[in-house]
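Novice: One structure, pasted below without further comment.
Values in this text are rule-based calculations from the coordinates and carry no lab data. Keep in mind the model is a prediction, meaning the values are calculated, not measured. Cβ placement follows ideal geometry from the backbone for every residue including glycine, while neighbour counts extend to all protein chains displayed.
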Amino acid sequence: MSSSPQYIILKEGTAESKGREAQRNNIQAAKLISEIVRTSLGPRGMDKMLVDSLGDVTITNDGATMLKEIDVQHPAAKMLVEVSKATDNEVGDGTTSAVILAGALLEKAEELISKDVHPTVVVDGYMKALEKSQQVLEKIAEKVDPSSKADLLKVATTSMMTKLVSDDAPHLAQLVVDAVTQVAEQTETGYKVDIDNVKVEKKAGGSMTDTKLITGIALDKEVVHSAMPKRIDGAKIALINSPLEIEKTEFSAEIRISDPDQMQKFLDEENSILKGMVEKIEESGANVVIAQKGIDDVAQHYLARAGIMAVRRVKESDMTKLAKATGARIVTNLDDLSAKDLGSAKLAEERKVEEDKWVFIEGAKNPKAVTILVRGGSQRVVDEAERSLHDALMVTKDVVETPSIVAGGGAPEVEIASKVREWAQKLTGREQLAALRFAEAIESIATILAENAGMDPIDTQVDLRARHSKGEKWAGVDALSGKVANMWGKNVIEPMAVKSQILKAATESASMILRIDDVIASSKTKEVPAGAGGPGGMGGMGGMGGM
């Protein structure tokens, strides 16, 4: 009697889960991630306190920040974290909605899979429904003038109303709109906005209303020499990328001195080289020098005597922003410096911000780079304010670049769900079931908004469906009053680009997770401690259900 040979293909300690079990584990893990951010959706959403391994505390209701700070181990859950990151990078807002929608799509798919509908059929149905929903979204969206500050203000305010800074939203939204319109550049096809040209600096102290827009750049550096002027009106700015000091030779060298006079001559020569550098700056007409590298003590002395303000060791990114803000050219060779390379600003001044000294270059004529200086009662507050400003800047940019807007409060989602439901009735086969489940999943955004606002989710859902069937396309959840209302009339406005990105990102990630039917996880390679017994398990994937 001979038994068939046993073939071992996978390394010892490797775990594998297949079929329904693998799908169920992946869906459960993704749904858990969705549950974490669910209560943070909307203006009545709650904040999360995240404490890292070093004990640092982050308080936020920004979906991307939450998931970035949590150390997620499960591979399917990591995919949803990536969705939030991608949405944040692409459109800046809607990260919470994208994760919630992905979780809802998986939950609805799980119901179908348990009824023996093949995952590929579900995915096909979802993809067709996504295409239809994008068409509906484009149809209901309203076109706007990208240079209309009134519309941009509504979008920026809506973004901030769901954040910690909601009480100061009108003031901060005005700063955001002014900043974005200032750095926007017109192209043949419309406008282009590089958010990197809006520098956000934060300093705890003061109140949120002290936050201001500087039409120029704020540098967290101080003037290098105490004898230099601390304020210069009508600044002529030289941006210098080369060091204002005697550079050491690249190879080893030594100077033999046999006479004290030779030593003096050597020192005098060094001084005259540094003096020559400062004279070149003087000749160009510059009265402010911003250096990316070091400035020698002797050079500082000559600059101070010439009445020139100097700042050193400024970051390369700040040098680039200064060039855009003041119109200066960054000079890498002092011999090339001339009056036409200088930038101009109304004022260059060193000011005390709390305990530190900062240099402000402001009043540039037509700056293509600006700074928002964020103030707030504590470090936690300014950190969250900075995140809120990032979201508001991004949504304003989205509307400037893609000038289409929709109402908020879940109104577009309910309208899309209503139209997808009608369209799904015409589909044949099991894809119809998937398309109907897709509509239910999208509708869950409005339901969760209502739930977080303390409203009855079922009554709200019924009310919304009734209103949309009567043609009220902007009927949504007004979380602040706890009623269903016309969100367009309430000035709750969001960019179409954000809604489109949420739908695409959530559907694609849910589809990817649904297609997985086999998970093979290698064991961790670290050595097992003596007496621990047995090989290491699946790295942090505890039966594929742990995070």
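Novice: Could you go through the stretch 445-454 in sequence order and give the Karplus-derived ³J(HN,Hα) for each residue, using 6.51 cos²θ - 1.76 cosθ + 1.60 with θ = phi - 60°, rounded to whole Hz, and x for Gly and Pro?
Specialist: 4, 5, 5, 5, 4, 5, 4, 5, 8, x
Novice: Hey, any idea what Rg/Rh is for the chain, computing Rh the Kirkwood way over Cα pairs? Each step should come with its number before you reach the end.
Specialist: Details: Rg = 30.0 Å, Rh = 27.1 Å.
On the Cα set of the chain, Rg over Rh gives 1.10.
Novice: Follow-up. Taking only DSSP H segments of four or more residues, each worth -39500 (n - 2.57), what value at 222 nm results for the chain once the sum is divided by all its residues, to the nearest 500 deg cm²/dmol?
Specialist: Mean residue ellipticity, 222 nm, calculated: -15000 deg cm²/dmol.
Novice: Rounded to whole Hz and in sequence order, give me ³J(HN,Hα) for the stretch 220-226 from the Karplus expression 6.51 cos²θ - 1.76 cosθ + 1.60, θ = phi - 60°, writing x for Gly and Pro.
Specialist: 7, 10, 10, 4, 6, 10, 5
Novice: So which GluC sites (Glu not before Pro) in the stretch 172-245 end up in coil per DSSP with only 13 or fewer other C-beta atoms within 10 Å?
Specialist: E188
Novice: Continuing with the same structure: If we count other beta carbons within 10 Å of each Cβ, what is the order of K321, K293, K199, fewest first? Please report the intermediate quantities before stating the final value.
Specialist: On the way: K321 26, K293 14, K199 21.
Result, fewest neighbours first: K293, K199, K321.
Novice: What is the angle, in °, between the Cα long axis of helix 169-183 and the longest principal axis of the Cα atoms in the chain? Nearest 10 is fine, range 0 to 90.
Specialist: Orientation of helix 169-183: about 60 degrees from the principal axis.
Novice: While we're looking at this one, here's another question. In what order do M49, M263 fall by count of nearby beta-carbon atoms within 10 Å, going from fewest to most?
Specialist: Working: M49 9, M263 12.
Placing the least packed residue first, the sequence is M49, M263.
Novice: Arrange L106, L274 by Cβ neighbour counts within 10 Å, fewest through most, would you?
Specialist: Least crowded to most crowded, the residues run L274, L106.
Novice: I would also like to ask the following. Taking 0.36 nm per residue of sequence separation and subtracting the Cα-Cα distance, how much length would be gained by fully extending the chain between K293 and I246, in nm to one decimal?
Specialist: Working: separation 47, 0.36 × 47 = 16.92 nm, distance 1.20 nm.
In short, 15.7 nm is gained.
Novice: What longest region of the chain stays clear of chymotrypsin sites (Phe, Trp or Tyr not before Pro) that DSSP places outside H, G, I, E and B and that have at most 16 other Cβ atoms within 10 Å?
Specialist: Details: sites that count: Y7, F251.
Looking at the chain, 252-547 is the longest stretch - no exposed chymotrypsin sites (Phe, Trp or Tyr not before Pro) with at most 16 other Cβ atoms within 10 Å.
Novice: Still on this model: Amide H neighbours of V374 under 5 Å, counting only residues 5+ apart in sequence or on other chains, H built in-plane at 1.01 Å?
Specialist: Residues meeting the criterion, in which the H sits 1.01 Å from N, are E201, K202, K203.
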